[in-house]
Every structure is written in C-alpha cells, then in structure tokens.
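Remarks on the structure that follows.
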Amino acid sequence: MLEQQLPKVAERESEGSVTLARLAPAAHIPSGEAVLRFRRFTVLPNARQLLADGVPIDVGSRAFDLLVVLLQSRGTIVSKAEIFRHVWPSTTVEESNLRFQMASLRTALGEDRDVIKTIPGRGYLLVAEAFIDATLTRPVMTGPDDVPTDMADDTMIAADASAHPTVAIIDDDRGVREALEGLLMSAGLATESFGSAQEFRDRQWAAPPACLILDVWLPGINGIDFHHELGREGRQPPVIFISGHADVHTSVRAMKAGAVEFLTKPVRHQELLDAVQAAITR
C-alpha cells in the first residue's frame, strides 16, 4: 500500500520547489530503500525507522504509522477517520488513543513538533516541506554541495520563493492564526503568521507578501490604520480584513481602504480561499 502511494507524493512535490535537505549518512539507509524527508528528519518506511540528523530516534509503531500517513498527505488535512483507517485498519479504538499517539509523535519530533497542526473539527496537517527519494540506488550525499553534476537536474530542486505565493496573517489570537495557516497550507500556499503589527514589521520583508490577512482589532493599532501606514511606506500588499466584531461602519471603511474582502469570524473556509485567490492574482 505504501509503495503504491509514494509516487503520488513525488508527483505533488514536483509541482513546487523545495530546498534540498541535509541527508542522513549512507550507513543508515539501505540501498533500494524508499525514503521520505522533512526538515532534519529522514523516514525509512520499509525499515520502519525515523532518523533525526542521521541518528535513529525512538518512536512507537503506531506513532510511526501516523507520521507516514501525515507525510503521504502533506499539504492536505487528514481527517481522524482517515487516520483510524490507515493506522488501525482492523481495530476499533477510542479517540483518546489517537490523541496519545499524536502526543507521542510530537514528543519524538522534539523542537520540530510544530510541523503537525491540529485543525479543529477537521483533523491534522503536516506543514513542513517534504520530499521523497523513490528508490536510492546511488550513494547518499551529505549536503547540497556534494551533488554530482550529472545528478543535479533530477535530484535537487532549487528553492524558488516566487513559486510559492506567501500569505501573511496578522491576528493576536494564536488559535485563529494556526487554523488559518492550516487551511491555507492545505491549499498549497506558503504562510507566515504574526501576533501583532510590530511582529510583521520586525520581519523586514525584502518584498511584500502576495496577500495579507489582517485582523481589524489588533493590540496597539487598528488593522485598517496599519494598512494605511503600509501604503504610505509603499509596501501595501492586497489585504483581506477579518474581524469578530464587525459593524457596517468598519466594513465600509475597510472596503474604501482597498480591501479585497472583509470577512467576519468565524471565517468560512471557501470564502477565505476565494478571497486569497483573488488577492494573489491581482
């Protein structure tokens, strides 16, 4: 089943650009083994082994299966029903068991535990860039500089920020930020989120993001006023305003400020995706 699904992952990744990760030492990877990679991790599905910076780490059998399911569906929200079907195919388990295994997996990932997002009411999402070496039949490299010339075209895909429109999110509610990040990444968009207008400024953008999702009511400054400030500075991206306390006056003011859309919380997923699409294609 795994071997049948792996090409789909490769096909999905070939549509975008990712940075070649530092690979694990060859001694840990048997020849012919299918390999999945994300951040500093290497996953060997056949050997049922997880490596961090080339070093094997302990992870339970169910937690490992859970990681593989999330990797195979990277960029797509995986429902709890799907997880139960793949991780416990012939067993009826309580949802608490899933929560326990998810906590175990996050513990094993350590400081990278944030790659797994919980999407309330929908499931889980792996948000890290991941790619696959379908079958390793050549020596494994230890870094990008070691890629031979004759392998460069089909082994390494250079990073290209323009291939992934970035949507910036500014909202002081962490739960809202994470939910929006998960939704947008499930649609194949790169995201960066900020808890305040100042955090966004501190990012020191070389170029504005393709789209800005901006909460109207922010600590220290009104979102509409902040958008005006960006305009005066000549770096005003297309904006979608969101608010949990909307009124007619605020919504009219936002639209006069040039907003692509003004949405009230809780935001309807399709309405937001449509608005983002309109913003980045302006």
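For this structure, a couple of remarks:
- Scanning the range 225-279 for residues that are β-branched (Val, Ile, Thr) and open to solvent by less than 50 Å² (accessible area, probe 1.4 Å) gives Val239, Ile240, Ile242, Thr250, Val260, Val267, Val276.
- Residue count, the range 168-195 (criterion: at pLDDT below 85, open to solvent by 20 Å² or more (accessible area, probe 1.4 Å) and at negative phi): 4
- Scoring Arg113 on the criteria (1) open to solvent by less than 50 Å² (accessible area, probe 1.4 Å); (2) modelled with pLDDT of 85 or more leaves a single failure, condition (1).
- Of the strands (runs of 3 or more DSSP E) lying entirely inside the range 47-120, the ones with 2 or more residues being within 21 Å of Gly182 (Cβ to Cβ) are found at 116-119.
The values are calculated or read from the model by the stated rules, or taken from the named source; none is laboratory data. All figures in this text were calculated on a predicted structure; none of them were measured in a lab. Don't worry about glycine lacking a Cβ; one is built from the backbone with ideal geometry, like all the others, and counts go over all protein chains shown. Keep in mind that these areas ignore ligands, DNA and RNA; they rest on the heavy atoms of the full protein, side chains included. Shrake-Rupley method; radii C 1.70, N 1.55, O 1.52, S 1.80 Å.
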